[in-house]
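Notes follow the structure.
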Amino acid sequence: MKHIYFTPGPSQLFPEVTGYMKQAIRDDICSISHRSKAFQEIAHTCQNNLRKLLMIPPSFPVFFLSSSLESMERIIQNTVEARSFHLVNGAFAHAWHRAATGLGKDATAHIFEAGTIPDTQNMQVPKGTELICITQNETSNGTSIPLKKIYELKKRYPRIPIVLDVVSSAPYPKIDFKKIDGIFFSVQKGFGIPAGLGVLAVCDTLVQKSIELRKKQKRIESYHDFESLLKKEAVFQTPETPNVLDIYLLSKVTTLMLEKGISVIRKETKQKEKILSSFFSKSTLGELSIKNKEARSQTVIVVNIHENKASHLIDALRKKGLVVGSGYKECKETQIRIANFPQHTVGDMYKLINALKIFEKKIGD
């Protein structure tokens with residue numbers, strides 16, 4: 001039985017990816033040198049597609065890394081001499097904060113509850129803060145911070161760079177890069193290809209900060225500093241042998257997305273979220289974990305399942321070829337997480353709803 005994966009990462013592949021992988025094998029993509037013209041053309045296409053799709057300005061170099069967790073470390077390592085500030089409301093925001101403290105930084109965590117919106121109008125960022133780190137979409141609990149609230153914070157602190165974790169929301173959010181200094185994501189969620197590639201885009205100001213810290217001997221040296229990444233990015237290469245296959249697949253999937261149109265993708269994302277939220281607003285199976293619509297993720301929908309029957313529901317759905325995610329860590333038995341990414345169709349969502357209705361009726365009888 002072929003399954004549809006609604007897991008929040010790794011998630012469902014785009015159906016076209018199978019064909020792209022076969023083509024990659026036929027064309028020996030996995031064997032080419034990362035210093036070859038063939039790879040440069042693939043990387044160039046991929047970077048250009050990402051710029052068009054996400055509206056990333058030319059002044060933001062696009063780096064290929066191994067994962068988003070690496071991106072968290074590299075951002076801190078390259079841009080923070082002493083102090084960072086983190087908005088924290090879930091496990092992955094905590095991970096970014098831990099990365100900063102692990103690198104010996106004075107990292108302040110502004111902790112707020114999942115499902116609430118931080119008060120960016122009155123938030124006090126400590127003096128001397130060099131970077132504000134925001135997990136825009138928290139995969140662990142399905143909370144999303146509205147971009148307008150992030151822009152409010154930038155308006156109050158225009159001299160402090162802000163970098164966003166958009167791992168489980170990209171390419172959905174329409175980001176104004178005049179008000180944001182960097183983003184990062186990985187490809188196994190909203191881009192529907194196999195895991196193993198992270199993408200980081202930062203403004204040239206942050207690259208210059210990295211250079212300044214090196215000159216002052218105020219940062220940890222590594223192979224993946226922004227200088228080395230920038231040097232190779234300028235010629236569509238990477239410092240080391242990268243995940244060539246994933247970069248190739250990302251170039252193909254972003255071409256697909258551009259042909260469809262990002263506005264259509266965003267419209268469909270909203271439509272699918274509405275299908276799910278409408279069902280769970282009336283269902284006896286459970287209720288939406290995030291009650292505040294403004295704080296609710298459009299791309300990772302978290303549901304509190306009644307009577308601790310989350311694992312029973314997950315098993316029942318899997319038998320019908322539908323795989324949803326369990327709750328994160330301590331919520332494993334009480335919640336499910338449903339991904340709503342571009343590769344999930346409206347028809348997929350209705351298949352899931354129909355299966356949920358069957359389970360609902362079965363336990364109600």
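The values are calculated or read from the model by the stated rules, or taken from the named source; none is laboratory data. Quantities reported herein were computed from a predicted structural model and do not represent experimental measurements. Positions of Cβ are backbone-derived with ideal geometry, glycine not excepted, and every protein chain shown enters the neighbour counts.
Remarks
- The combined condition, being outside any helix (DSSP H, G or I), under 18 Å from the mean Cα position of the chain (by Cα) and either surrounded by 19 or more Cβ atoms within 10 Å (Cβ to Cβ) or at negative phi (or both), is not fulfilled by Leu53.
- Looking across the stretch 95-108, the residues that are in contact (Cβ under 8 Å) with a residue 12 or more places away in the chain and either polar (S, T, N, Q) or under 17 Å from Thr143 (Cα atoms) (or both) come down to Ala95, Trp96, Thr108.
- Residue selected from the stretch 86-107 under the condition in contact with a His (Cβ under 7 Å, 6 or more places away or on another chain) and assigned to a strand (DSSP E or B), by the criterion farthest from Asn292 (Cα to Cα): Ala107
- Count of the stretch 13-50 residues which are among the aromatic types (Phe, Trp, Tyr) and assigned to a helix (DSSP H, G or I): 2
- Only one of the numbered conditions (1) among the charged types (D, E, K, R); (2) closer than 30 Å to Leu103 by Cβ; (3) touching a residue at least 40 places away in the same chain (Cβ under 8 Å) is violated by Arg51, and that is (3).
- In the stretch 333-365, the residues that are in a loop (DSSP other than H, G, I, E, B), within 21 Å of the chain's Cα centre (by Cα) and either crowded, with 17+ Cβ neighbours inside 10 Å or among the basic types (Lys, Arg) (or both): Asn340, Phe341, Pro342, Gln343, His344
- Within the stretch 1-29, residues that are on the phi > 0 side of the Ramachandran plot have Cβ atoms under 8 Å from residues that are buried (at least 20 other Cβ atoms within 10 Å of the Cβ) and in a loop (DSSP other than H, G, I, E, B) in these pairs: Gly9/Thr139; Gly9/Val167; Gly9/Ser168; Gly9/Gln188; Gly9/Lys189, counting only partners at least 6 apart in sequence or on another chain.
- Screening the candidates Val167, Val235, Val207 for the property of being assigned to a helix (DSSP H, G or I) and among the hydrophobic types (A, V, I, L, M, F, W, C) yields one hit, Val207.
- Residue tally, condition outside any loop (DSSP other than H, G, I, E, B) and either touching a helix residue (DSSP H, G or I) at 6+ places or on another chain (Cβ under 7 Å) or at pLDDT below 95 (or both), over the stretch 170-198: 5
- Only residues that are assigned to a helix (DSSP H, G or I), under 30 Å from Glu360 (Cα atoms) and free of Cβ contacts under 8 Å to residues at least 40 places away in the same chain were counted in the stretch 255-283, giving 6.
- Tally, over the stretch 70-101, of residues that are closer than 17 Å to Lys218 by Cβ and out of contact with any strand residue (DSSP E or B) (no Cβ under 7 Å at 6 or more places or on another chain): 4
- Those residues of the stretch 64-78 which are of a type in the set (Ser, Thr, Tyr) and surrounded by fewer than 24 Cβ atoms within 10 Å (Cβ to Cβ), in sequence order: Ser66, Ser67
- Candidate set from the stretch 296-329 (those that are in a strand (DSSP E or B) and polar (S, T, N, Q)); member that is farthest from Ile145 (Cα to Cα): Ser326
- When Glu152 is tested against (1) assigned to a loop (DSSP other than H, G, I, E, B); (2) of a type outside the set (A, V, I, L, M); (3) at pLDDT 95 or above, just one condition goes unmet, and that condition is (1).
- Evaluation of Arg219 against the conditions (1) part of a loop (DSSP other than H, G, I, E, B); (2) among the basic types (Lys, Arg); (3) in the same structural domain as Asn354 (by TED's automatic domain parsing) shows that the sole unmet condition is (3).
- The stretch 307-331, subset loosely packed, with under 15 Cβ neighbours inside 10 Å and without any contact (Cβ under 8 Å) to a residue 24 or more places away in the chain, residue farthest from Ile275 (Cα to Cα): Glu330
- Any hit, the stretch 247-255, residues being surrounded by fewer than 22 Cβ atoms within 10 Å (Cβ to Cβ) and more than 26 Å from Pro194 (Cα to Cα): no
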